[in-house]
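Please read the structure below before turning to the comments.
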Amino acid sequence: MLTATVGALPPSPAAERLAAFTGWFAGQEPDALERHYVETFDLRRRSGLYLTYYLHGDTRRRGMALLTLAQRYRATGWEADGGELPDHLPVVLEYASLAGPRAGEDPLRLHRRGLELIHHALADGGSPCRHVLAALLTLLPPATEADLRAVAELATQGPPAEDVGLDPYGAGEFAPPGAFVPPRQAPPTLMPPPSTPEGPR
């Protein structure tokens, strides 16, 4: 069905890329496809399909980005029903197909840099899934120079890290000097020597 659907598409760079993918896909055994999926998308962080990770890393801001995506879906009357996070690429693509070119493209445009990085990771690993990402990227506006610089930086440094500890809340002393000085030790308690039936020793 996938091969027939792609074969019926009008000629375009995206259709050529999808045909390259379905040509490989149709020749694989189901077990091999499952292994390839797990090895490519579940075990490699650089080609994970959760888009907000590339923009926010494992930070508090990612939680807000996920909530914003879910609210966007609900505002258009669509509820994701697959048990996946709202930033999972197949979920975002399903929303795009239902919401139409403008509203549907907005989350993809926002996460363009993450999509570029996933494509680079798939291409570097030789995965045929790179053709699907390449097809998607041809349908979005071209990447800007700033996008390409950000993708290169993301590839070398990784996504943002969470700010932990007290440093993010400003420099300076957390408490004035002496605030945490322990109290002076009390003098030892003197106990009388133990006695025995024969009397004190």
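Numbers for the structure displayed
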quantity: Accessible area of the range 10-140 divided out per residue, in Å², using a probe of 1.4 angstrom; calculated: 56 Å²
quantity: Spin-label proximity, residue 76 to the range 107-139 - amide N less than 15 Å from point 7 Å beyond Cα toward beta carbon; calculated: 107-111
quantity: Carbon + sulfur, % of accessible area of the range 1-160 - ligands and nucleic acids excluded, 1.4 Å; calculated: 57 percent
quantity: Pairwise label distance in nanometres, residue 152 with residue 1, each label 7 Å out on the Cα-Cβ vector; calculated: 4.4 nm
quantity: Gain upon complete extension [residue 19, residue 44; 0.36 nm per residue less C-alpha separation]; calculated: 6.5 nm
quantity: Gained length - residue 37 relative to residue 124, 0.36 nm times residue gap less alpha-carbon distance; calculated: 29.8 nm
quantity: Value of Rg to Rh for the range 1-91 (Rh from inverse mean 1/r over Cα pairs, i.e. Kirkwood); calculated: 1.05
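The values are calculated or read from the model by the stated rules, or taken from the named source; none is laboratory data. Everything numeric here is computed off the predicted structure, so don't read it as measured data. Cβ sites come from the backbone with ideal geometry, for glycine too, and all protein chains shown count toward neighbours. Note: accessible area is taken over every heavy atom of the protein model, side chains too, but ligands, DNA and RNA are not part of it. Shrake-Rupley method; radii C 1.70, N 1.55, O 1.52, S 1.80 Å.
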